[in-house]
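The values are calculated or read from the model by the stated rules, or taken from the named source; none is laboratory data. The model shown is predicted, which means the values in this text are computed figures rather than measured ones. So basically every Cβ, Gly included, is an ideal-geometry build from the backbone, and we count neighbours across all protein chains shown. The accessibility values were calculated without ligands, DNA or RNA, using every heavy atom of the protein model including side chains. Shrake-Rupley method; radii C 1.70, N 1.55, O 1.52, S 1.80 Å.
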Amino acid sequence: MRDDVKEPFHIVWPLANCSCAATISFTNSKIHYKLVSKLDILMEKLIPNHDGLQITAFGSMSIGDHVKVLCITKEREALLELKQGLIDEYKMLSSWKNEECCSWRGVKCSNTTGHILALNLRGGTDNGSNIVTLTEYLNLSRSYFTGPIPPQLQNLTNLRSLDLSSNSLTFKSLDWLSHLVYLEYLDLSVSIVQEKNWLQEIIKLSNLRELHLSSCQLPIIDPSSLVSANISSSRLSILDISYNQYSSPAIDSWLFNFTSLTSLALSGSNLGQISTSFGCLKSLDHLNLYGSGIQGRIPRYFGNLSRLRSFDASSNNLNQPFSELLGILSESNISLEFLSFEGNALTGSLNNLTRFSTLRELRLHGNLLNGIFHESFRQISSLEYLDLSNNQMTGPLLDLALIPSLRELHLRSNHFNGMIPQDCKAYPKVWGNFSTLKVSMLLIICYKVIRLSSSNLGPLFPKWLQTQNSYSFLDLSLNSISDTMPSWFPKSPSTLYSLNLSYNQISGKIRDLSANNALMVIDFSYNNFSGPLPKIPKVVSQLRVDNNQFSGSLNSICTLRSPTTLDLSANLLSGEIPDCWTPMSVPMVLNVANNNISGSIPYSRCSSTSSLSALYVRNNNLSGQFPASLKNCQGLKVLDLGRNTLSGKIPKWIATKLAYLGILSLRFNKFSGSIPPSICQLQSIQILDLSGNYLSGRIPKCFSNFTTLQLLHDGSNVSYNFDPYVTRVGMLYHGNALVQWKNKESEYRNTLCLLKTIDLSSKELVGDIPKDFSRMNALLSLNLSRNNLTGTIIEGIGLMKMLESLDLSRNQLSGKIPIGLANLTFLSVLDLSNNNFSGRIPSSTQLQGFDSSSYGGNIQLCGPPLPECLTFAPPESSCWL
């Protein structure tokens, strides 16, 4: 609906008595402004209760047709107030002088009332071809508005398109929507929708065709409330409810009744086993299930989706043979153009592609595919993009002559052999002297992509790059380059948007890159760069400079407009985390672990609608109490505050305000007091690490309520691969966790979703181990060591069959070791030392396989691998008949 929208300019408009910052963008305008206002102030000033005002990014404005009508004084004053804050480089508002504001450029008034109907600040020719005389389009996205919506919105009864996305708005009620009877397009994404009956209110909009409610914390719909709702009569065609953490049961009762849907986005959900009801949505041509927690297989009912053109199921846990999946998708007369299953566990070979003659993009990065290129690739004459990297494919490379339309090919990290095809040797400037290298050492370079990862280019920085002037993607990672950055490199092509120099030994300072206005992705991680953080373009979305020797403050990151991933970890950075960002510029991932950062976490880091999903500040010098600013980080999945000097109590609100936490690490701080029982409400928790603190009191019995630790399946519905929302340009950021695992402190990334651990090793916990711990039958590691626990090992320990590591050492536990412990066949680490256990160690291959140190310090314990127990045989006796 908005294909013509280009990058907006930002305008600043200071108003008196305004408390919050906001930005309105008028597409492709040559005027820049900033606006400091709440949404209701803007509405009050520019949208009176009459015909309405059109604020639009579409069309142009005609001036010659204006009728000479004296404009309303208040409205003229509002426009003059607007002009005072404008930076009008091109003198577009030079006509805003006289009393007759209806004759000013970009202003259109009602011929009968004199009220302003339209304000258009778009650049271009004023031909009047697209003017709508009444308010029909209102686009206030990314405007930094806060608070509740103003009631004046319901007066814009002629609206056909309303976009309030990416603000900090709260929708307690949606009943005002019923006044917008002509509405066809609605976008409230990245807001807080508190209306429990949100679906019922949406259904009332009989003309609605397109609905976007991504990241709105949507309440779960009560199926009984939909009895009177006629969903099947809805004409909704496009629906986006991604990143609302919906599970299959929460949506199955209503979603599949929208049979007119042509586009559906459920990214960032918790679907689990995918519903067969997807086969009911026979009109779908676009389906996005990216990172939606899918387990197992795509069901055969997907063969009913005969109109499907685009299907994205990347970053899930699909583990079926790829040939089976293709067979399902080819059962009907389809016209697939885009197919992505990146980041799954698909197996088998690529052989059954003959039915996909219209396919333009095929993305299979990061699976378990094997075999060779199949002849069926001859049939895909329209293929433009193919990514098979990070698989296990073998044999010679594909003959590129078979696919003349191919523009981009990614084959990194496979087992191909042979020579590079002749087709790619047509690019000598790009290849340099590398055309005779085996393909198994590097990735094919064609067109505007230069990807030479793992190609042994070092030790010098490749000079032939200086002669290239049109590439947009450069990857020189893993090349053993130990040079410094050449002086000519900041003058890289103006088209360069992705730069990856990671995993080399490049040293020295990085020169100013801020002039490279196209750069959106920068990865300098794992090098030897030093000095202050480099100056980078404001448009950079992803910045990785981790594992270097950068020093100084973090203040340079304040210039970024809308970052999604910032990884500055493992450097020598110091000072405080700057308090400089507005809520909408908060990144999705902020990692400043392993530095010398002090102070506290600033309040600007979060708002209730911010996109912050992962925060890593471990191993720094943060002090004070648990950061109250985190109360507003309601989308957090990962919170790592480990190895700082934070103190005080763990707040009770941690579970209610941070309900989506999957990883919580507070290890090795100075927290004290008891563990709040409210922590048991963290239904998605997988890793809970409270070790190395001064926690006291009893272990809450409700720990058995952790539902994720009771789910026996491979992987978790929670994904820690964070999507940067940058199509093609961005790369997934793999979350990490530092845990004590099998007597060793280790950092986990790729297998993070599989870890399920609890570590309460501390100093002062007392009482017994709650009996209901046995309900956590999916737990892999349990560490309760170094406390003052009493009582016995729970009898139901044998039910925790997934346990691989159990540490109960250095407590005051007593009694016998239960026989059920021998049933834990996966157990590879066991430490029961320094307690008061007694009796014989149960005989089993499992328990006798551990070293004697696992049982040491229990003076009344005996039996292998400890010394044999003392036996007392009865004296011999004789029988007299």
Zone reached by a paramagnetic label modelled 7 Å from Gln812 Cα along Cα→Cβ, restricted to region 676-697 with backbone N below 17 Å, covers 695-697
Reported to the nearest 10 Å², Arg544 has, with a 1.4 Å probe, an accessible area equal to 60
Taking a crude spin-label model, label points 7 Å out from Cα along the C-beta direction, the Ser206 to Ser494 distance in nm is 5.3
Full extension between Lys649 and Thr559 adds, at 0.36 nm per residue less the Cα distance, a length in nm of 28.9 nm
Pseudo-spin-label distance Ile220 to Leu754, built 7 Å along Cα→Cβ, given in nm, is 2.9
Expected unfolding gain across Ser405-Arg307 under the 0.36 nm per residue rule, minus the alpha-carbon gap, is 32.9 nm
Stretched fully, the stretch from Lys701 through Ser487 gains (0.36 nm per residue minus C-alpha distance, one decimal, in nm) 70.8 nm
